[in-house]
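J.: Encoded as structure tokens, here's the structure I'll be asking about.
Throughout, read-outs are computed from the coordinates displayed, never taken from laboratory work. All of these numbers come straight from a predicted model, not from anything done at the bench. In this analysis, Cβ positions are derived from the backbone assuming ideal geometry, glycine residues included, and neighbour counts consider all displayed protein chains.
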Amino acid sequence: MHGPVHAGWLLVALCAATGSYCLLRMRSRIEEQRRTAGGEALMGFGMALMALPAAVLTPPRWAWLAYVAVFGAAALRALWAARQNRHHLHHLVGACAMVYMAAAMAATPTAHTGHGGGGAPALTGALLLYFAGYVLWSGVRLLPVPTLAAAEGAGGGTVTGWADRTELAMVCRLSMGITMIAMLLTL
């Protein structure tokens, strides 16, 4: 993606950190959470690679086509998984957005160096609206809500490992949504 180099490095760092935490979440005891974390790790690392500044790496056209193939397969997997869990519909939209951005970059090779643009404005706008809504919805879900245990003053409870922290998973999804908006704006 083109844009300021510093912003590109911040996107790379954010996506790589998110992908790394999602790999850690794959150690969860809950099978559905492991499966979801794997898709989110792929998305995080894929976004980190795609956000590398053009001064560092200008991928050849075949690399963008490889992105299309990888995220196309991820989209099909998310479509299949969406039969059982609606959350996978968001993964489907995210994977399709990655396919769209990679296809736009493959179609206009100079877009990565900042000399051209790619993509259809209407589709880009629709994806921007979707991810903006998702970011707002995710942010609201992170607002602190007093729990029944805290209201009753209960000091006990179960110890939750890093892989099972739902609030951290929501933060990862929120950060990837924000990054997706930034990447779509530079398309």
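J.: Please give the contour-minus-distance gain from H6 to V56: 0.36 nm per residue of separation, less the Cα-Cα distance, rounded to one decimal in nm. Before the final figure, lay out the partial values.
T.: On the way: separation 50, 0.36 × 50 = 18.00 nm, distance 1.18 nm.
Taking 0.36 nm per residue and subtracting the Cα distance, the gain is 16.8 nm.
J.: What ranking do R141, R173, R86, R77 get, fewest neighbouring Cβ atoms within 10 angstrom at the top?
T.: Working: R141 13, R173 25, R86 8, R77 18.
Listed from fewest to most nearby Cβ atoms, that is R86, R141, R77, R173.
J.: Using the Cα atoms of segment 9-134, I'd like the radius of gyration and the largest Cα-Cα distance, Dmax, both in angstrom.
T.: 15.0, 48
J.: Report relative contact order for segment 14-141 in percent, whole number only (criteria: Cα-Cα under 8 Å, sequence separation at least 6). Intermediate results must be reported in sequence, preceding the final value.
T.: Details: 108 pairs, mean separation 25.1, N = 128.
Relative contact order here is 20 percent.
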